[in-house]
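This report concerns only the one structure given below.
The values are calculated or read from the model by the stated rules, or taken from the named source; none is laboratory data. Here the structure is a predicted model, which is why all the values come from computation and not from measurement. Counting neighbours? That spans all protein chains shown, and the Cβs are built from the backbone with ideal geometry, glycine included. Surface areas here come from the heavy atoms of the whole protein model, side chains and all, with no ligands, DNA or RNA. Shrake-Rupley method; radii C 1.70, N 1.55, O 1.52, S 1.80 Å.
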Amino acid sequence: MGRRNETNRLAHKKKVDQKKNKEKEAEQLRKEKLKTIMKKFKDENEQ
């Protein structure tokens, strides 16, 4: 086992977690934008 194994593992885990969070946030933003667009479209069609 390498001397820096633990540090490298933790650094990699942190990087992976940040990437997952970023993807989740992007997906959530995309869904919110879609909802507003759909709502706007629905409101225009009702009038």
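Couple of notes before you dig in:
- Extending 7 Å from Cα along the Cβ direction at residue 45 and again at residue 23 yields two label points whose distance is 3.3 nm.
- Annotation for the chain: trypsin sites (Lys or Arg not before Pro) lying in DSSP loop with at most 16 further Cβ atoms inside 10 Å of their Cβ are 3, 4.
- Note on the chain: dipole from Cβ charges, positive end direction compared against 7, 36, 47; the farthest Cα belongs to 7.
- Full-stretch length increase - residue 5, residue 33 - with 0.36 nm per residue and alpha-carbon distance subtracted: 5.9 nm
- With all protein chains kept in place, the per residue accessible area of the chain amounts to 113 square angstrom at a probe of 1.4 angstrom.
- Folded to 0 to 90 degrees: helix 5-46 orientation relative to the chain principal axis, Cα: 0 degrees
- Charged-residue dipole, Cβ positions (Lys, Arg, Asp, Glu), the chain about Cα centre, Debye nearest 20: 480 debye
- P(r) histogram, all alpha-carbon pairs of the chain included - 5 Å bins from 0, percent: 4, 19, 11, 11, 11, 8, 9, 6, 5, 5, 4, 3, 1, 1
- Per atom type, the chain shows carbon and sulfur on 54% of its accessible surface, probed at 1.4 Å.
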